[in-house]
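J.: Take a look at the following structure, please.
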Amino acid sequence: MLNLVFSIQNFYYECVIQVKNVISNYFEKTPEKGLVENNIFLLAEHILFFFSGIILFWSEEWLLNTDMIWGQELNLRIIFYYLFYTIRYLVQIQLMTGEEKDYQSMMAHHISTILLLTLSFVHYHRIGIVIALSHDIADLAFLPAKIFHKFYETRKIKILNILSYIHFVIFFLLFFLTRIILNSKLILCTYDHFFYPEDLFLIHNPGIYFEGYVLLILLHVNLAIQIFWQFMIIKFSYNLIVGGKPKDEKGNEYFKPENKIKSS
């Protein structure tokens, strides 16, 4: 089984490298060289995984109902989604160089996500899927905002600047709703309806599998990282409003922008 996972991981890694280089070659002789390639790739990756998840699970009632989120029925769709989503994060870690913005928080987020996915797979996969899908939503607005802004900087087309502001506002709202509100609600639901339905100070609930307690800790770690990023986004927004030239406080780029990555 591990050999299969490693084979798929290597295949996905090679696909990432090839797609990344195709995008880099396309912008090689344009003013946007080194500015938009990473974000375009990341946007494509987020679109792929988000809509794949929606297609796989759109008919499931538990997707929008937290009272049903603790079901344990595994099926082929769940196995497929979990496998590729975990491999996605393994490849992201593999490609990180240590020079990325927010490297430490990004690494902590990636590792906690992989652990969360691993521990939630057998008994708590529904909560893993909801978190995975909700985390992709905000970046579907954030990455276009960055792309539009970079094109505005090089082309000076005003509509691109307007679009970048619109997408950033959408991103700000989506991030708060999906990364802060939804994650907090999932943790509270976990306490109230599953782990400690009668007594919050119950040391051990015999109805909980052992990995559930570690999963609960990881949900708190994940929320803490999202709160940290939310403060960085607020700081970015404040600097933007007062008229400064804010630096990108939430770095989502895990490739070196100035170098192509060659396939090994």
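J.: Sort out which residues of segment 60-73 are more than 23 Å from the chain's Cα centre (by Cα) and part of a loop (DSSP other than H, G, I, E, B), and write them in order of number.
T.: Across segment 60-73, the qualifying residues are GLY71, GLN72, GLU73.
J.: Ok, one more. For residues in segment 65-115 being of a type in the set (Val, Ile, Thr), more than 19 Å from SER7 (Cα to Cα) and surrounded by fewer than 16 Cβ atoms within 10 Å (Cβ to Cβ), which is modelled with the lowest pLDDT? Write out each step before concluding.
T.: Residues of segment 65-115 of a type in the set (Val, Ile, Thr): 66, 69, 78-79, 86-87, 91, 93, 97, 111, 113-114.
Now restrict to residues that are more than 19 Å from SER7 (Cα to Cα): 66, 69, 78, 97, 111, 113.
Still in the running and surrounded by fewer than 16 Cβ atoms within 10 Å (Cβ to Cβ): 97, 111.
Working: THR97: 81, ILE111: 88.
Ranking the qualifying residues of segment 65-115, first place goes to THR97.
J.: Going through segment 44-75 one residue at a time, which ones are polar (S, T, N, Q) and touching a Cys at 6+ places or on another chain (Cβ under 8 Å)?
T.: Narrowing segment 44-75 to residues polar (S, T, N, Q): 52, 59, 65-66, 72, 75.
THR66, the sole residue that qualifies.
J.: So which of ILE54, ILE17, ILE47 is in a helix (DSSP H, G or I), touching a residue at least 12 places away in the same chain (Cβ under 8 Å) and farther than 23 Å from THR178 by Cα? Don't jump to the end; show me each part of the working.
T.: On the way: ILE54 fails: farther than 23 Å from THR178 by Cα; ILE47 fails: farther than 23 Å from THR178 by Cα.
Going through ILE54, ILE17, ILE47 in turn, the sole match is ILE17.
J.: Turning to a different aspect of this structure: Do any residues in segment 173-186 that are of a type in the set (Phe, Trp, Tyr) have Cβ atoms under 8 Å from those of residues that are surrounded by fewer than 19 Cβ atoms within 10 Å (Cβ to Cβ), where the two are at least six apart or on different chains, and which pairs are they?
T.: PHE175/GLN230; PHE176/GLN230
J.: Which one of these does THR118 not meet: (1) buried (at least 17 other Cβ atoms within 10 Å of the Cβ); (2) among the hydroxyl-bearing types (Ser, Thr, Tyr); (3) out of contact with any Gly (no Cβ under 6 Å at 6 or more places or on another chain); (4) under 22 Å from ASN222 (Cα atoms)?
T.: Of everything listed in (1) buried (at least 17 other Cβ atoms within 10 Å of the Cβ); (2) among the hydroxyl-bearing types (Ser, Thr, Tyr); (3) out of contact with any Gly (no Cβ under 6 Å at 6 or more places or on another chain); (4) under 22 Å from ASN222 (Cα atoms), THR118 misses just condition (1).
Residue-wise test of (1) surrounded by 16 or more Cβ atoms within 10 Å (Cβ to Cβ); (2) over 17 Å from VAL221 (Cβ atoms); (3) β-branched (Val, Ile, Thr).
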{"position": "TYR124", "(1), (2), (3)": "yes, no, no"}
{"position": "GLY128", "(1), (2), (3)": "yes, no, no"}
{"position": "ILE147", "(1), (2), (3)": "yes, yes, yes"}
{"position": "GLU153", "(1), (2), (3)": "no, yes, no"}
{"position": "LYS158", "(1), (2), (3)": "no, yes, no"}
{"position": "ILE162", "(1), (2), (3)": "no, yes, yes"}
{"position": "TYR165", "(1), (2), (3)": "no, yes, no"}
{"position": "PHE168", "(1), (2), (3)": "yes, yes, no"}
{"position": "PHE175", "(1), (2), (3)": "yes, yes, no"}
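J.: For LYS29, work out the one condition from (1) surrounded by fewer than 17 Cβ atoms within 10 Å (Cβ to Cβ); (2) within 26 Å of ILE131 (Cα to Cα); (3) not small (Gly, Ala, Ser) it doesn't fulfil.
T.: (2)
J.: Sticking with this one: Does at least one position in segment 146-164 carry a residue that is free of Cβ contacts under 8 Å to residues at least 40 places away in the same chain, closer than 18 Å to LEU48 by Cα and in contact with a helix residue (DSSP H, G or I) (Cβ under 8 Å, 6 or more places away or on another chain)?
T.: Taking segment 146-164 and keeping what is free of Cβ contacts under 8 Å to residues at least 40 places away in the same chain, we get 148-149, 152, 156-164.
The next check asks that each one be closer than 18 Å to LEU48 by Cα; those that pass are none.
The answer is no; no qualifying residue exists.
J.: Quick check: anything in segment 235-245 loosely packed, with under 11 Cβ neighbours inside 10 Å, among the basic types (Lys, Arg), under 30 Å from LEU35 (Cβ atoms) and at pLDDT below 60? Can you show your working first?
T.: Initial filter on segment 235-245 (loosely packed, with under 11 Cβ neighbours inside 10 Å): 241-245.
Narrowing further to those that are among the basic types (Lys, Arg): 245.
So of that shortlist, the ones also under 30 Å from LEU35 (Cβ atoms) come out as 245.
Adding the requirement that they be at pLDDT below 60 leaves 245.
Scanning segment 235-245 turns up at least one residue that is loosely packed, with under 11 Cβ neighbours inside 10 Å, among the basic types (Lys, Arg), under 30 Å from LEU35 (Cβ atoms) and at pLDDT below 60.
The values are calculated or read from the model by the stated rules, or taken from the named source; none is laboratory data. A quick note: this is a predicted structure, and the numbers were derived from the prediction, not measured. Here Cβ is always computed from backbone atoms with ideal geometry, including for glycine, and neighbour counts include all displayed protein chains.
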